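Here the structure is laid out as structure tokens; the discussion comes afterwards.
The values are calculated or read from the model by the stated rules, or taken from the named source; none is laboratory data. Keep in mind it's a predicted model, so treat the numbers as computed, not measured. Reconstructed Cβ throughout: ideal geometry from the backbone, glycine too, with neighbour counts over all protein chains shown. Note: accessible area is taken over every heavy atom of the protein model, side chains too, but ligands, DNA and RNA are not part of it. Shrake-Rupley method; radii C 1.70, N 1.55, O 1.52, S 1.80 Å.
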Amino acid sequence: MPHASPSPVVSVKPLTLPAPGRGTELRLRVAAPATGERLPVVLFAHGFGSSLEGYGPLADHWAARGFVVIQPTHLDSKALGLAADDPRRPRFWRHRVEDMKRVLDDLGALVAHVPGLAERVDTGRIAAAGHSFGGQTAGVLLGLRVTDPETGTAQDLSDARVSAGVLIATAGSGGADLTPFATTHLPWLRGQDFSALRRPALVVAGDADDLPLSVRGAEWTQDPYTLSPGPKSLLTVHGGEHSLGGIPGYGSAETTDENPARLALVQDVTTAYLHDVLGTDGTAWSRARAELAGGAHPLGRLESK
């Protein structure tokens, strides 16, 4: 599924935003194509423990094909080295959402730090994307309700500035579907309500992504599609484990299913979806839907509702 020729990428890191009450400033990377006008924005949330340095295979790919990609470093990042007894840990999930909203609040100032970018950004077209824990973060901005483990309540923390999302290898329902480990150590997964996740999203799930967080196996990561209302699309990656061929980084040790073809599928389909849902070009997405419908393609299956 070829796209237009990729552009050279310009990126600036680390940029910082003040974050009162967070305990440390928010560090970010901004990447964008060197050419192009009215560029849409993708706000990307990394997986647990990663940072602005990760996910080059996705972030650089998107930036080279017409998107401004912004990557915050969340508090759970290993780069920050929070102690095991740090009191912020139970609220990691909530701090992540607040990080994303800070970026949205200061979007104009952030893109101004990239030479020649400020006048080329379309701040009216914004998507949120994330992998693993980051998928939950992006989902909350789209309407996913998470039961706060400290208060027992689930608030609407969605943000009207975000119109669509890409949720990659992320968590499904809580309760009895969780393993004892997840229930104890990841309390923000205990209660997730997908019924209000009404905005458009592409869910990407590997059919071999058998995480130690759920008793249901790989199908658990399809819940953001199956349990939410449309419009949604689901890309099921055949043989894909949690890293889906290598999205966390070039040569990342956590990639257990290294596969260039599988990675290319995720890159191409997510790029096509983002162009379509943000209104820049729908041709590649139409082609992807035609080629990946029905399950006959060796790499994956694409369905929509």
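Which whole-number value in Å² is the accessible area per residue of the range 1-117, probe 1.4 Å?
Values: 4630 Å² over 117 residues.
Per residue, the range 1-117 has an accessible area of 40 Å².
Just to be sure I understand, if you calculate P(r) over Cα pairs in 10 Å bins from 0, in percent for this structure, which of (1) 6, 30, 39, 21, 4, 0; (2) 5, 24, 32, 27, 11, 2, 0; (3) 6, 22, 19, 14, 13, 11, 8, 5, 2, 0 do you get?
(1)
Ranked highest first by average number of other Cβ atoms within 10 Å, how do 44-53, 253-262, 214-223, 130-139 line up?
For the peptides 44-53, 253-262, 214-223, 130-139, the packing ranking is 130-139, 44-53, 214-223, 253-262.
Give me the percent of the accessible area of the chain that comes from carbon and sulfur atoms, probe 1.4 Å, all protein chains in place.
Accessible surface attributable to carbon and sulfur in the chain totals 52 percent.
Cut-off 10 angstrom, C-alpha nodes, Gaussian network model of the chain. Which of P248, P200, P87 fluctuates the most?
With Cα springs under 10 Å in the chain, the top fluctuation among P248, P200, P87 is at P87.
Modelling each spin label as a point 7 Å along the Cα-to-Cβ direction, I'd like the S286/D156 distance in nm, to one decimal.
Rounded to a tenth, the inter-label distance reads 3.5 nm.
With every protein chain left in place, what is the accessible area per residue of the range 124-183 in square angstrom, probe 1.4 Å?
On the way: 1770 Å² over 60 residues.
So the range 124-183 comes to 29 Å² accessible per residue, rounded to a whole number.
With both partners inside the chain, how many of the DSSP beta bridges are antiparallel, as a percent to the nearest 5?
Roughly 45 percent of the DSSP beta bridges within the chain come out antiparallel.
With a 10 Å cut-off between alpha carbons and a GNM built on the chain, which of L202, L167, L117 moves the most?
L117
Restricting things to Cα coordinates, could you compute the convex hull volume per residue of the range 218-304 in Å³?
104
Sort 97-103, 31-37, 149-155, 12-18 by the packing proxy (mean of other Cβ within 10 Å over each peptide's residues), most packed first.
On the way: 97-103: 20.9, 31-37: 17.7, 149-155: 11.6, 12-18: 15.3.
Ranking, from highest mean packing down: 97-103, 31-37, 12-18, 149-155.
For a distance above 18 Å, tell me the whole-number percent of Cα pairs in the range 254-305 that qualify. It would help to have the intermediate numbers written out before the result.
Values: 457 of 1326 pairs.
Result: 34 percent of Cα pairs exceed 18 Å.
Just report the Cα centroid separation between the range 39-114 and the range 199-267, whole Å.
Cα centroid to Cα centroid, the span is 20 Å.
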